[in-house]
Every structure is written in C-alpha cells, then in structure tokens.
Amino acid sequence: MYIYIMSCLYIDADNVSYKCIEDIFSHIKVEKLIVKKIYGDWSKPELKNWINIVIDYGLEPIQCFRIGKKQSTDIKLITDVTNDICSNNNINHIYLVSSDIDFTHLCQLIRQKSIYLTILSLQESVLKNYANEFININNEDKLLLKLVDIMGNNYVMTFSKF
C-alpha cells in the first residue's frame, strides 16, 4: 500500500529574505506540495523584491495589513496552518520558513498532530527545539565558508578565484 506524502509550505516574508528562495526550495520536495503560501504586507516597499519570486515559484501571496501596532502576518499564518491541518488529515509534512518565536505554540500543535515539521530559518532560533528538522538558510554564513574554502590554508585568495 502506497501512502502519498502531502506537504505544505508556509513562508513568513516579513521574516525571511527573498534572496534565500533558491536555498529554501533546494530543501523542499516540491512535487509533494499541496499548499505554497507566503505571508506579508505586500504594500510595504521592502517586500517588492518578492513579487517576481511569488510568480516564478507559484506561491500564493497572502496579504496581511498591519493593524495598529499588531503584526497580523503571524496571526494569519498561524490561523491558516491550523485550519489546513485540522481540515485535511492527509497532510504529513509542514515546511515553515521563519525564525519568529511567535510560532512556538503552532509548532507544538503541528507535532501533537504527528505531522513532520521542517523549519527553515535565517538564524538560530528556539524553534529548532520544536521541529523534527531545522535548516539554517543563512546565505551569508555559507558565503563566508565558501570564501574560506577557496582561500585554503594560505588565507590568500587570488582575484581569479574570487
């Protein structure tokens, strides 16, 4: 008997750089995704670089206007994930792209439902204590490691290698 894996991807665009999209998708089994949502206040100029990525990767943009001083993005993302996992018993893997500790209780709910949770984050986060798998997608760290690797033990790099 074959059990089909159904995965969902939720991206907190307020908390993750658009520059990490290739790294994010390199860790995801795209063919298994049934939900690909990205959350943010799309009226904010700092999110404009996400627009082409949303289109190219087939993400569903979810508009979350900031209401007063409250960050409605987190609330909407938490509500959608909760609705999705409670209304579809076939979801067995969730990818959450964020480092925001506001998602701690959501992570606990996901784990209580026996759903595999992968968190992709730009930085170390307490969320790694709630995930089955925690992946650091910080490109700056990887660039530094690549430069050190290129330089070798001499700590000198020729311009042509750079």
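Accessible surface calculations at 1.4 Å, restricted to protein heavy atoms, place the stretch 1-85 at 57 Å² per residue.
When peptides 71-81, 94-104 are sorted by average Cβ neighbour count within 10 Å, with the highest value leading, the order is 94-104, 71-81. Among the lysines of the stretch 2-87, pairs that are 8 or more positions apart or on different chains and have alpha carbons within less than 19 Å of each other number 12. In the complete set of protein chains, residue-level accessible area for Ser87 is approximately 100 Å², probe 1.4 angstrom.
Among Cys86, Cys8, what's the order by accessible area (1.4 angstrom probe), most exposed first?
Largest accessible area first, the list is Cys86, Cys8.
Evaluating 6.51 cos²θ - 1.76 cosθ + 1.60 at θ = phi - 60° for every residue in the stretch 83-91, the Karplus couplings come out as 4, 5, 6, 7, 9, 10, 6, 8, 6 Hz, glycine and proline recorded as x. With N the number of residues in the stretch 1-102, Rg(Cα) / (2.2 N^0.38 Å) evaluates to 1.09. For the stretch 39-145, the Kirkwood radius over C-alpha pairs fed into Stokes-Einstein at 25 °C and 0.890 mPa s yields D = 161 µm² per second.
The values are calculated or read from the model by the stated rules, or taken from the named source; none is laboratory data. Bear in mind that the values here come from a model prediction, so they are computed numbers and not experimental data. All Cβ positions, glycine included, derive from the backbone under ideal geometry; neighbour counts span all protein chains shown. Heavy atoms of the whole protein, side chains included, go into the accessibility calculation; ligands, DNA and RNA do not. Shrake-Rupley method; radii C 1.70, N 1.55, O 1.52, S 1.80 Å.
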